[in-house]
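The values are calculated or read from the model by the stated rules, or taken from the named source; none is laboratory data. All of these numbers come straight from a predicted model, not from anything done at the bench. Glycine gets a Cβ as well: all are built from the backbone with ideal geometry, and neighbour counts include every protein chain shown.
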Amino acid sequence: MKRVYSVLPIALLVALAASPVQAQNLSAGPKLGIGFANQGGDVEDTDSKMGFSIGGSFGIQLHEYFRLQFEGQYVQKGLSEDVGGADADFNLDYIEFMVPAILTIPTGNGSITPRLYVGPALALEVSCDFSAEEDGVSASIDCDELSEATDGFLPDLETKSIDFGVLFGGGLDIAVGSGAITFDVLYNLGLTDINDIPGTTEEIKNRNIQIVAGYRFFFGG
């Protein structure tokens with residue numbers, strides 16, 4: 001974890017020293033996406049679960065080819081699994097904050113700008129539930145009520161409320177009007193073992209692939 005958090009301060013200092021004038025170029029805008037979440041660690045034979053995300057970003061252009069961005073989003077994670085013929089979903093919803101360092105790639109085409117980015121992510125859990133559907137009949141229950149609903153046959157799905165991760169991916173900016181339409185493909189690699197069930201040692205770590213579209217408004221210089 002220490003390596004992850006040491007990258008951004010170093011990159012920020014280098015960029016500020018290289019091009020202080022560019023630091024007044026700002027951008028902000030909304031983002032909307034779909035995700036394909038699953039979980040790693042000791043979890044096996046599970047399927048990806050589709051979810052959505054909605055949020056926004058604020059960027060500071062520190063250099064012609066380097067931007068530091070602050071992002072926040074509501075995002076759905078978890079996994080899907082076939083349990084005795086029923087389609088079951090483990091649903092985890094988060095408010096997530098990310099600070100990616102973005103490297104833009106010059107192409108000679110002023111209207112289309114490819115980019116790569118990487119950075120830390122901090123997610124705060126807002127809900128956890130387990131849902132299942134079979135033969136058109138569906139049911140849902142909160143993670144902390146599972147044991148009571150199954151008369152102790154299953155334990156409550158206790159999870160840690162904070163999840164640290166690393167976000168990396170790439171995308172495109174397409175200049176339109178006073179800003180740019182954005183398209184991104186992201187991979188969020190959870191580093192925290194979110195399993196908090198007493199007496200268990202199995203590791204559960206979030207994994208999420210997102211396809212995100214948005215719009216950036218330019219201002220500030």
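Observations, loosely collected:
- Among (1) closer than 19 Å to Val118 by Cα; (2) touching a Ser or Thr at 6+ places or on another chain (Cβ under 6 Å) - the single one Phe58 does not satisfy: (2)
- The lone criterion from (1) modelled with pLDDT under 95; (2) of a type in the set (S, T, N, Q); (3) in contact with a strand residue (DSSP E or B) (Cβ under 7 Å, 6 or more places away or on another chain) left unmet by Gln69 is number (1).
- Residues in segment 86-103 that are over 16 Å from the mean Cα position of the chain (by Cα) and without any contact (Cβ under 8 Å) to a residue 60 or more places away in the chain: Ala86, Asp87, Ala88, Asp89, Leu103.
- Complete set of residues in segment 159-173 that are out of contact with any helix residue (DSSP H, G or I) (no Cβ under 9 Å at 6 or more places or on another chain) and among the hydrophobic types (A, V, I, L, M, F, W, C): Ile162, Leu167, Phe168, Leu172
- Val75 vs. criteria surrounded by fewer than 19 Cβ atoms within 10 Å (Cβ to Cβ), of a type in the set (Val, Ile, Thr) and either touching an Asp or Glu at 6+ places or on another chain (Cβ under 8 Å) or modelled with pLDDT under 95 (or both): no
- For Gly41, the criteria (1) surrounded by 15 or more Cβ atoms within 10 Å (Cβ to Cβ); (2) more than 14 Å from the chain's Cα centre (by Cα); (3) at negative phi hold in every case but one, which is (3).
- Of note, Gly51 satisfies the criterion of being in a strand (DSSP E or B) and either more than 21 Å from Ser178 (Cβ to Cβ) or in contact (Cβ under 8 Å) with a residue 12 or more places away in the chain (or both).
- Some residue of segment 88-96 being under 30 Å from His63 (Cβ atoms), surrounded by 18 or more Cβ atoms within 10 Å (Cβ to Cβ) and of a type in the set (Asp, Glu): yes
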